[in-house]
Each structure stands twice: as structure tokens, then as C-alpha cells.
1. Would you mind checking Lys70/Lys562; Lys229/Lys815; Lys668/Lys710; Lys507/Lys605; Lys556/Lys775; Lys229/Lys493 for any pair whose Cα atoms are more than 30 angstrom apart?
2. How big is the range 421-515 in terms of Cα radius of gyration and Dmax, in angstroms?
3. On the protein heavy atoms, probe 1.4 angstrom, tell me the percent of accessible surface of the range 1-130 carried by carbon and sulfur.
4. List the residues whose amide H sits under 5 Å from the amide H of Val186, counting only those 5 or more places along or on another chain, with H placed 1.01 Å from N in the peptide plane.
5. Under a point spin-label approximation (7 Å from Cα along Cα-to-Cβ), what is the Leu286-Thr453 distance to one decimal in nm?
6. Summarise the accessible area of the range 447-570 (1.4 Å probe, protein heavy atoms) by the percent that is carbon and sulfur.
7. In nm, to one decimal, how far is the modelled label at Glu767 from the one at Arg304, with both set 7 Å along Cα→Cβ?
8. Kindly identify the range 236-279 as rounded, prolate or oblate by the Cα gyration tensor criterion: order the square roots of the eigenvalues as a ≥ b ≥ c, call it rounded if a/c is under 1.5, otherwise compare a/b with b/c, prolate if a/b is larger, else oblate.
Amino acid sequence: MSPEPLTRKVNVDVDEFRTAVLAKLTYAVGKDPEHAFDHDWFEAIALAARDHMVDHWMDHTRQIYRSQQKRVYYLSLEFLIGRLLVDSLSNMGILDIAREALDGLGVDLDKIRLLEPDAALGNGGLGRLAACFMESMSTLGVAAHGYGIRYEHGLFRQAIIDGWQQEQTENWLDFGNPWEFERPEVIYPISFGGHVEGTMDSDGNLRQVWRPGETVRAVAYDTPVVGWKGASVNTLRLWRARAMEDLHLERFNAGDHLGAVADVARAESISRVLYPADSTEAGQELRLRQEYFFVSASLQDLLRRHLNVYETVNSLGEHAAIQMNDTHPSIAVAELMRLLVDIHQLSWDEAWKVTVETLSYTNHTLLPEALETWPVGLMERMLPRHMQIIYLINAQHIDGLREKGTHDIDLLRTVSLIEEDHGRRVRMGNLAFLGSHSINGVSALHTDLMRSTVFSDLNRLYPERINNKTNGITFRRWLYQANPKLTAMLVDKLGNAVLDDPENNLKRLEAFADDAAYQRRFADQRLHSKEALARIIQERIGVTVDPKALFDVQVKRIHEYKRQLLNLLHTVALYQAIRATPEKPWVPRVKIFAGKAAASYHQAKLIIKLSNDIARTINNDPTVRGLLKVAFLPNYNVSLAESIIPAADLSEQISTAGYEASGTSNMKFGLNGALTIGTMDGANVEMCEYLGRENMFIFGLSADEVEARKHGGDYSAHQEAASSHRLNDVLQAIRGGVFSPDDPSRYAGLVDGLLSYDRFLVCADFESYWSAQMKVEELWRHPKQWWRSAILNTARMGWFSSDRTIREYATEIWKAL
Ligand code: 26Q
């Protein structure tokens, strides 16, 4: 059945909202308005806002039960949510009402909103995508639940000490979390270890019974997620691990006070902290415990919900779709089989049919080191029944192929669930593939590469399974909330229709691309955002920048394939060029960097140090007369992104072609009217299609050319440096300690390493990147053309809405709209 009409009005006026906030402050927070701290006000406002969400939430939940709409479950180990106050108020259409109500109390909403901690239950793109999807699913009326882990500590806080990254624990829950509802009654047992016994049931059938060695509890915490104009309110359900007993009383009484709580600590460590890596390293036991913990709790929960309404689990696939966000939840394939066969007594074949019908999998990376595999020994120890099931799935799969006449041993080896070469390991990508009816990539290029590389053999066996769903972003957060000035300008020309349906209405902005007055307003908005960012830069790192300079921005996780190093080489090249010919009419530029490195990723951390060394040297060199400034902003997170993106003139999307699955910040910048300098990688390729190549600065090798260089065997970074004075001068300066006089050999290893093995072809793309940057300067000198292009960027980004992406998932994969 189709959902009821969207958009319900939130009925509240200024006086009512003010009264509600005062009541919350008094009775829920327990503070007298006279003596309330700012944080008390934040809590009171959040609770008042939440009441309105709850009304809609309950309506919506009842309506879904009534309509028996198909349910979508989004399983993700990460939800990079950010702050929710303005998001909630804005989506409910009461932001202005709230602001006015608080004004009357002498409370400034724009100050209070900054007190909300930034919920960082994710590392980067994949986690933020999950958060955008949740919002779009609520907007479109998809009956969705997000399932994940309620980490006590989210992604670490990054401090920069003497130029080096230092990780500090993030305590986002210190002051409580006003958005969530603890559900102490929604609790499931999750087991680990032990052994499996074959036993006869009463009908004389052989059954496998898992006798676990250890059991913990998963407790639900629910956060309502409200869509645009309160269209619908879905639930993000996050699991917290608790021990079965809070205290081992016998041990305690025997005087073993530490031993009495040891089990508690072990159990609760599962939801203690987010893994701070954006690619996999050697299989860590705790990580596998996290994966299984949240998958099992979520599947038990959704099966219970299904059986509340329907007679049998056989019909699960008709009424529910489960999307796995990368392989992190892929143990779901074995767990769903276990629940269906062992607990709900389905036959193996019935269970397999339900599993494949219900599950689907999104791949987010092709980097070999990021493809998850787990040692068979670890799996056997921690999840013995699942390991059995995986062997059975594998046997069925390989036997099936043999029956169909496939005897090619190399083929059988690559499509097997078990990797035999580097110690025996379970390939989670293959498991997710076999257990799903749909496997999607996140941009057209990435999906093509999935078909031709990691999954080429499985694709030949199941050619209909792989499909593309190019990523998108929610315009509510990344345009309306992050850039209210630009939003107002859009509404001014295009009417409110642009807010409700930007996918179809933004295009009409093209008509104003050459309008001088509109260009001026566009530039004014940008200047306003740049002034705000300049203040942040001044406050946080003490660097003074000129808001009129070109703001050239690269913000994202620090990773070699994303090539922050290429940007730094350009920075140094520009620095040397300005010093050599200071009289030339250089375009004043501010290079802005931000991003976290995985704690154990030494090369990435060294790149952060290099950014800071280069920044210090250039910013303090009077000969460049402020024509070039470099700023590394610490602790990049969703909130900082919301300040940086509207202030960017130039967006750096410069990964080695073939390595960035999609990118999503590229879309956020484009939507806000920044021009992109980028490679033909990930979703840049589609941006190029929609925006027109003339409205981007495209450079560098294509994915095919990258492959050819790597396999051709004759690529040499040495040669690139030998044939480019500019590149060579840059490398020698860095190598020789120009930017590290305190430790002149700090970067010798980095430069030598680059010259001997340039895995990401930094040197190969350097000259082409330099030329593209020259074109940037050229266009900047022609403001009419620059702003025309900027307006066209905004006007043509409509397709990159996550509403479009979710509509595609819902119709093509989930059959849920
Ligand atoms: C896995 C195992 C153990 C520890 C950590 C991990 C892990 C965690 C996070 C592996 C990968 C990730 C995150 C990956 C990620 O963010 N990928 C990005 O996904 C975006 C959304 O599709 C794309 O736009 C980016 O191109 C892609 O890099």
C-alpha cells in the first residue's frame, strides 16, 4: 500500500513554544530561568522540540502498522549524525518560531545551538551517507529503521599539538542526550563462543544446537528522525551492550571486588567506542564482536516485528528489505540463516530463499586493504555455528557451479567464501554478495570497476545482481541549514517550490547565471560566509586570512589515495613561484585543509604534520605578503563542515582516478556554488556530466590510464621529477628541510618513498594539476565568468539529492515505494 499524503503541519505559535521551553527548563531540567546555564537552555529547547517530533512519530508508526507498508532496515556500523537541534526545528518548519520565542526570553538560538555536541558515530563518507539516507527516507515516507551501535565514545577528537595529530576521547554523552529514548524493555540476548552439538529433535530430524560460552544483552535506544516538513518520522535504533548481570554477587561477597565486575567490563566494551579507521586493518576481535552484536540484535528485533503482524517468517522478504552498509554487517547472511533454520525451523532451502530475497549490500571501496576478511580460526572460536553455516553456503555455492559445468579451479578459488592463500580467512565481500539479491556501487565509475575488478567473477555468475546507485546528500542540512543566506536567495527567485522539490526547481536558476545583480548577491553571500570562516580560523589557530582571497579547500579524511599530498606539493610550488616573481599579479589564495587520520596510519599523520609545517613557514614569510596563506583546521566534523562548505570558492576532489568510490563532499561544495578542481573519479564523473565540463577544472589521468601506468611497469616518479623542474624543486625543498628546520630530515623518507614507489601517481598528475590550478586563477580574474559558473553549479546539482538516491533504492532494490 502506498503511504498516506506527506507533510503534516506542526501547530505551535511563538507563545506556546516559549511556554513549552520554560516548562521543560523548570520540570525536566530542574532549573530556574534566572539561574539557568546556556546548556540548560539547550536541553530545554531540545526537549520542547522533541515533543513535537514525538506526536508525529506516533502517528507515523501507527499509520505504518495500519497500511502494512513494506519496511526498510538500514544496517550500518556508522551514523555520522552531527547536531540535531536546527535540523529538527527546520524540518518541522518551526525554526523561526523557536528563534522568536527564545528572543523573548533573552536567549540567542544561534549561540545555544553551538552547545550541542556533534554526534560523531562514524568515520567519514559512509557514516554521513547513512545519516543523509535516514533523513531522506523520512522525507519520502519510506518506512525505515536505521540500526547501529550507540557508541559511548564516537570518533576521537583531533587536537593538533606542535603540528602533530593527537587523538582525544570524545565524550558526546557527558551531558546526556536529549534526542534519545532508552527502551529498557527492548532487549535481546547476544551470544558468543562455546560449541555446536548435533542432536535429534522430537521428529527425528538432526538439528544443530549452539551452546554458547558467553551471552550479553543488547538494549535499544531510539532517536526519532524527522523528514522535511515533518513528512514522516522514522526511528534510528542504536544498541548498547550490557552484561547479563550488573554484578557477580558471589564473587563480590567473597571479596573479589574487581572480578565481580570483570564480566560487566568485557560485555560493555562492545559498545564502548567506534573503530577510528576508515579502512580495515588486521582483523580485530572486538570489531567482529561489534559487528555480530548489532546484526544479531537488529535481526532478532525485525523478525519479532514481522511476526507481530504476519504468521510466518517465510514472508519476510515480501514485507521487509534489509540494506547492509558495506560488509560491516555482512555476518547478517549467516545470522539470518541461523535464526530462520535453528530458531524458526525453516528448511535450509526455504531459509536461503528468504535470506537472498531480503538482503542487499552496498559496496563503498575497492581498495584491497579495505576489503574485510576474518581468520577462520577466530570465527570458529567466536561464532562456531556461523562458521558452520558459512561452510554450508560455500559448499552449496561451489557444488552448484560444478553441477553447471564450472571446473576451472582458479575461478572456483576466487569466488569461494574462503581465502586459502594467506592463512584461511572468510571473505565478507563474497559472503555479502552471495547472500544478497542486489549489490550496488555508489557511483557509475565505481560500479563499473566493481564489475570489472573485485567482483568480476561473481558478476559473470550473477550478472543481474550488480547495479549502481550514485550517492546523494540531503539538501536540508547541506543547503538550507548550512547556508540560509543562499537558500533565501534561491527562494527569492524560484519561490518556495525550490525547497520542497529542489530536484526539479533548482534548474530554473540557470536563467540568472548572467544576471549581474544576482551575481553580485551570490558573491556577497560567499563573502559573508568567508568572513565567518575567517573568524573561526583566527579563533582556532590564530591565522589571519583575507576573506577576499580565493578560498581553496580540501576537507576529508586524510588518506594517501585522496592525495592531500598533491595539494601540498601545489601549495609549495605556488609559494616558490610567488617568492621567485613577487611582482606578478598573483591571485591571493587561502589553502584550507581539515581532516582526521586513522590513529595507526603513520603516513597520514605525517601528512598532517607536513601541512602544519608548510603552513607555519608560508604564513610567517613576509616576502609572500599574505598572497598565500595555509590553514589546517583541527577536528574536522559535521559541524565544522557546515561552516567551511558555504565559504569555499574552490573544492578539491583530487583522488587518484579509480580509488574514490564516490565522494559526497564534492556534491556539498557544488551545491553551495564552489567550483571543483578534480580528477575523473567517483561521482566527479557524473558531476561533470550534469554541470558541464566547462564548469569544472578537470585534470589528471583517467582510471583506465592509471591502470595502464600501473601495469605497464614503466612508470617512474623519478622520471616525472626529472622532467619537471617545478616538481623537482618542490620535492627537494621538502626533502631538504625547508619546512622542518627543527628536524631537517623529517620528510626525507616521505619524499624518497614517493620517488621510489608512487602508488597513487601523485607525481604523474602533478603538472596537469598545476595547469588546472592556473586556469582557476585565470577564471578568478574574470569575476563575471567565475560567478556565472558558480551559479550554474548550484543550479545543476539537483540530481545529487539523496532523495533521488533513496527513490532509486526504494523502487529498484527494496520495492518499498
Ligand atoms: C572496517 C573494518 C574495521 C575497522 C574499520 C572499517 C571501516 C570503517 C569505515 C572501513 C571503511 C569505512 C568507511 C569507508 C568510507 O567512508 N567510504 C566512503 O564511502 C562514501 C559513501 O559511499 C564514498 O563517497 C567514499 O568515496 C568512500 O571512500
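The values are calculated or read from the model by the stated rules, or taken from the named source; none is laboratory data. What you see is a predicted model, and the numbers here were worked out from it, not measured in a lab. Cβ atoms come from the backbone with ideal geometry, glycine included; neighbour counts cover every protein chain shown. Surface accessibility is based on the protein's heavy atoms, side chains included, excluding ligands, DNA and RNA. Shrake-Rupley method; radii C 1.70, N 1.55, O 1.52, S 1.80 Å.
1. Details: Lys70/Lys562 39 Å; Lys229/Lys815 24 Å; Lys668/Lys710 32 Å; Lys507/Lys605 42 Å; Lys556/Lys775 24 Å; Lys229/Lys493 21 Å.
Going by Cα-Cα distance, Lys70/Lys562; Lys668/Lys710; Lys507/Lys605 fall outside the 30 Å limit.
2. In Å, with Rg to one decimal and Dmax whole: 21.1, 65.
3. Working: 2960 of 5710 Å².
About 52 percent, which is the carbon plus sulfur part of the accessible surface.
4. Under 5 Å from the amide H of Val186 lie the amide H atoms of Ala220, each far enough along the sequence or on another chain.
5. So the label points at Leu286 and Thr453 sit 3.1 nm apart.
6. Details: 2330 of 4790 Å².
Carbon-and-sulfur percentage of accessible area, whole number: 49.
7. 6.5 nm
8. On the way: a/c = 6.20, a/b = 2.29, b/c = 2.71.
Oblate.
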